[in-house]
Every structure is written in structure tokens, then in C-alpha cells.
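First comes the structure, then the notes that go with it.
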Amino acid sequence: MQQFKPKSLAVAAAFVTMLAVNSPGSSAAIVLFNDFSDTSGLTLNGNAAAASTSDGSVLRLTRAAPDQSGSAFSSATINASTFSTFFQFRITEPGGPLFDGNTDSGADGLVFVVQSVSSSIGGIGAGIGYAGINKSVGVEFDTWNNSFNNDPGSNHVGIVTNGNVNHGAGAPFTQPVATRFDDGNIWSVWIDYDGTNLEVRANQTGLRPGIALLSRALDIASILGQNTAYVGFTSGTGADWGNHDILNWQYRDEFRPIVDPVPEPASLAIFALGCLGLVVRRHRTSK
Ligand SMILES: [Ca+2]
Ligand SMILES: [Ca+2]
Ligand SMILES: [Ca+2]
């Protein structure tokens, strides 16, 4: 998988200099976590914690145990009127009893969330830690069929709003995915919002697909009641469980799809500045 760390700080330092010359102002912000050895800038809630795994230091939203809930959000609000984000997750040790039409153990999944309520919010179980978060938009990776939520199956992506994980009749804005999200492999996710349409891409190859898995027209600024949001993740477990780990994450507060997760010079500069945690770097674009 992608390893996107600068080869050396000396190289990165050179980029700092270049940026100082070429990007003297501000307009775009970048959040970059190559790993979660330093979670500065994030507020971790509930059972969420950094964990050491074979992937390095990961953000473990929930561990493989019943009735866990965890969330992690940027401690400060960031522009979300347009954005592009990329992250990788791995869900391990899925387990628990089978019921409600599920044929595989493991639950409940995780959600990428933009919300304007609080950096310290989250729920549990069937709500994937997202239920009840008003003024929000969530992209769920749902691994458990809850018939009462009109889930379209036991493994699907969905775009949900205002903390409501009930998809409604016909389960609009969901897409079943054949390969289990909790099969233990690394999933790569791209989510892009151009101010009109929210698009979701996900696969296990790490190569950005041309076609979106799911899209939904949304006015996110209206939903949030503002242009800015706390951005992050939620997860929950109930009768079934799994380790829900975020391995790395980048978020750009402008629509600029991340084609190659290897960092651009600006990201290297951030790294060089020693900010392994949440980084909001301002640099001028030439618009
Ligand atoms: Ca499952
Ligand atoms: Ca579910
Ligand atoms: Ca669902």
C-alpha cells in the first residue's frame, strides 16, 4: 500500500523553501495524518484511541468488543463547503452472533462525517456512532444489516444526513458492495464534494476509480448551517464487533480530487514543520 512519508526531512525542508517563494499567502487548508502516532488537533471521544498494529499507529475508533462507540473529529472547524478527502481503513477480528438476516459476523462499520455540532460527539451500535448527530452529512461503510434502518444488506455504503441512519423505503443513496469491508484487507476511500454533488469511491487497489460508487446531490453548507465543520469519523459496535481502524487520512478544504495519495510538496512541507498531527496550513493558490 501507499507509504507516503518524505524520504528525508532535508528533502522536505527544500520544499518548505520552495513554498515560501511560490506560495506566500493563504487559501487552502490541508489535514494530513500519515499515521496516528500524534493525534494533536483531533478530539478523540468514547472508545476511540490511537493503537499500535502491524499497520503502525492507527486511529482505532472502536475495538473488537460489544457495545463500543468512538469518534474522532478535528478540534477546530474547517471549511466544508467544498472538499476532497482520502483515507484508508482496515477492519479486523469481526465477530459476534448472527441474526437479523446477517450471514457474516462483525459490525457495525464506520462513518466519515462532516458536522457543525461539536468536536466531542458520537453514538453507538446500529447508528455506527453517527446516529443523532444533527447538522451533519455522513458517508457510512455499514457492515451490519439492520432491518429497522432499511439497510439494503449487510455490506453497503450510504450517504446519510442529520444523524439519521434510517435509509427509508427503497434505501435511496445506498450501494451494496460485494466484498466485505471487514474482510481484514485495507480499503482506500475517496470522497469529493464540489459544492453540489458528494461522490464516494472505495476499493482495495488504492488506485482511484474513474466512476463513483455512490453520489448524492446535497447542499452541505445549508445542512450544516455554515460553511465550516468538524470533520472526522465515527464507529460503533453492538452485539457484533470488529476493530475499526483508520490508517491514514488527508482532507483538503477545496474540491481537488486526490488522485495520487503521495503527498504534494505542501504536504511534505507540513511534515517537515513537525506537525504530524492535524495540520491546517494556509497557502495561496494562484486563483
Ligand atoms: Ca457483518
Ligand atoms: Ca447497519
Ligand atoms: Ca446503512
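The values are calculated or read from the model by the stated rules, or taken from the named source; none is laboratory data. None of the values given here were measured: they were computed from a predicted structure. When we count neighbours, we look across all protein chains shown, and the Cβ atoms used for this are built from the backbone with ideal geometry, even at glycine.
All of N185, N164, N155 fail the test of being among the polar types (S, T, N, Q), within 13 Å of ligand 3 (Cβ to nearest atom) and more than 22 Å from G225 (Cα to Cα), apart from N155. Counting only strands (runs of 3 or more DSSP E) wholly contained in the stretch 111-191, the ones carrying 3 or more residues that are within 13 Å of ligand 2 (Cβ to nearest atom) occupy 136-142, 156-161. If you go through the stretch 165-199 and keep only what is without any contact (Cβ under 8 Å) to a residue 40 or more places away in the chain and among the aliphatic types (A, V, I, L, M), you end up with V165, A169, A171, V177, A178. Candidates are the residues of the stretch 51-63 that are under 13 Å from F233 (Cβ atoms) and among the aliphatic types (A, V, I, L, M); the one that is surrounded by the most Cβ atoms within 10 Å (Cβ to Cβ) is L61.
The set of residues in the stretch 39-92 that are charged (D, E, K, R) and within 15 Å of the chain's Cα centre (by Cα) comprises R60, R90.
If the condition is being within 16 Å of ligand 1 (Cβ to nearest atom), farther than 10 Å from V139 by Cα and in contact (Cβ under 8 Å) with a residue 24 or more places away in the chain, then the stretch 149-164 contributes P152, S154, N155. Close Cβ contacts (under 7 Å, 6 or more residues apart or on different chains) running from residues in the stretch 204-222 that are closer than 21 Å to N155 by Cα to residues that are loosely packed, with under 14 Cβ neighbours inside 10 Å and at pLDDT below 95 comprise R208/V259.
Looking only at residues in the stretch 93-127 that are under 18 Å from G153 (Cα atoms) and within 13 Å of the chain's Cα centre (by Cα), the one that is farthest from ligand 1 (Cβ to nearest atom) is V111.
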